[in-house]
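The values are calculated or read from the model by the stated rules, or taken from the named source; none is laboratory data. Here the structure is a predicted model, which means the values were calculated and not measured. Note: ideal-geometry Cβ built from the backbone for every residue, glycine included; neighbour counts use all protein chains shown.
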Amino acid sequence: MRLTPTSLPAIQLLRADVHTDSRGWLVETWHAARMAELGLPASFVQENRTLSHQGVLRGLHFQDRHPQAKLVSVVQGQIYDVAVDIRAGSPTIGQFVGLTLSDARPDLLFVPAGFAHGFYVTRGPAVVIYKLTAAYAPTDERCLAWDDPDLAIPWPLLGPPVLSARDRCGTPWGDLSPWHAPLDPADGQ
């Protein structure tokens with residue numbers, strides 16, 4: 001496994017080694033010691049799996065007092081994955097990374113704590129798996145407006161996105177300041 005930098009130093013794309021033979025392929029998607037060698041958290045406390053139909057947009061989610069680092073992968077379909085830096089004091093606050101993850105390549109995306117995260121399904125259904133460094137805390141969850149003009153995220157929409165009620169009412173970027181998570185070097189920058 002090797003790290004591939006993105007436009008934001010804190011966000012890392014992990015390229016997994018694919019071992020193929022006549023039967024198919026095998027890829028190692030998690031190895032605590034290797035993750036630690038790469039400088040990424042080796043302690044995840046929860047793993048989630050979502051199934052989303054084409055055109056679904058989830059996010060941009062984060063937890064306020066219990067921020068979560070995430071390790072994201074796609075096992076079916078294709079998504080446009082987005083992470084927005086909301087860390088108070090960060091030199092890249094308000095900037096985002098957006099990239100395509102799909103079942104065609106077993107890449108993983110590491111999103112540190114202090115980033116709002118979401119994705120849009122460009123080929124579905126999409127099955128997304130993500131490991132988390134902090135447990136889900138429903139009373140602590142927040143949502144940043146996915147379509148905020150100040151962020152200007154170029155979502156590759158195929159039509160009007162399918163949104164949950166919560167995601168339709170995300171907080172605008174300009175109103176977010178009370179929720180900015182502090183920088184924490186232990187979370188991978």
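With respect to THR29, determine if the residue is β-branched (Val, Ile, Thr) and farther than 19 Å from PRO156 by Cα. Yes; evaluated as a whole, the condition is true for this residue.
Scanning the range 136-176 for residues that are of a type in the set (Gly, Ala, Ser) and either touching a residue at least 12 places away in the same chain (Cβ under 8 Å) or over 19 Å from GLY94 (Cα atoms) (or both) returns ALA137, ALA145, GLY159, SER164, ALA165, GLY170, GLY174. The residues of the range 151-177 that are in a loop (DSSP other than H, G, I, E, B) and either of a type in the set (A, V, I, L, M, F, W, C) or in contact with a helix residue (DSSP H, G or I) (Cβ under 9 Å, 6 or more places away or on another chain) (or both), listed by number, are LEU151, ALA152, ILE153, TRP155, LEU157, LEU158, PRO161, LEU163, CYS169, LEU176.
If you go through the range 6-55 and pick out every residue that is without any contact (Cβ under 8 Å) to a residue 12 or more places away in the chain, exposed (fewer than 11 other Cβ atoms within 10 Å of the Cβ) and over 22 Å from ALA134 (Cα atoms), you end up with 7. Among the residues of the range 72-129, the ones that are touching a strand residue (DSSP E or B) at 6+ places or on another chain (Cβ under 6 Å), more than 21 Å from PRO172 (Cα to Cα) and among the small types (Gly, Ala, Ser) come to 5 in all. Need the failing condition index for ALA83 against (1) in contact (Cβ under 8 Å) with a residue 60 or more places away in the chain; (2) more than 21 Å from SER52 (Cα to Cα), just the number. Looking at each condition in turn, ALA83 falls short on (2). In the range 81-90, the condition of being of a type in the set (Ser, Thr, Tyr) and more than 18 Å from PHE119 (Cα to Cα) is met by at least one residue. Among residues that are modelled with pLDDT of 90 or more, farther than 21 Å from GLY39 by Cβ and loosely packed, with under 15 Cβ neighbours inside 10 Å, ALA126 is not included. The lone criterion from (1) under 24 Å from ALA36 (Cα atoms); (2) surrounded by 14 or more Cβ atoms within 10 Å (Cβ to Cβ); (3) hydrophobic (A, V, I, L, M, F, W, C) left unmet by TRP173 is number (1). Per this entry, PRO91 is counted among residues that are free of Cβ contacts under 8 Å to residues at least 12 places away in the same chain, over 20 Å from HIS31 (Cα atoms) and either assigned to a strand (DSSP E or B) or out of contact with any Cys (no Cβ under 7 Å at 6 or more places or on another chain) (or both).
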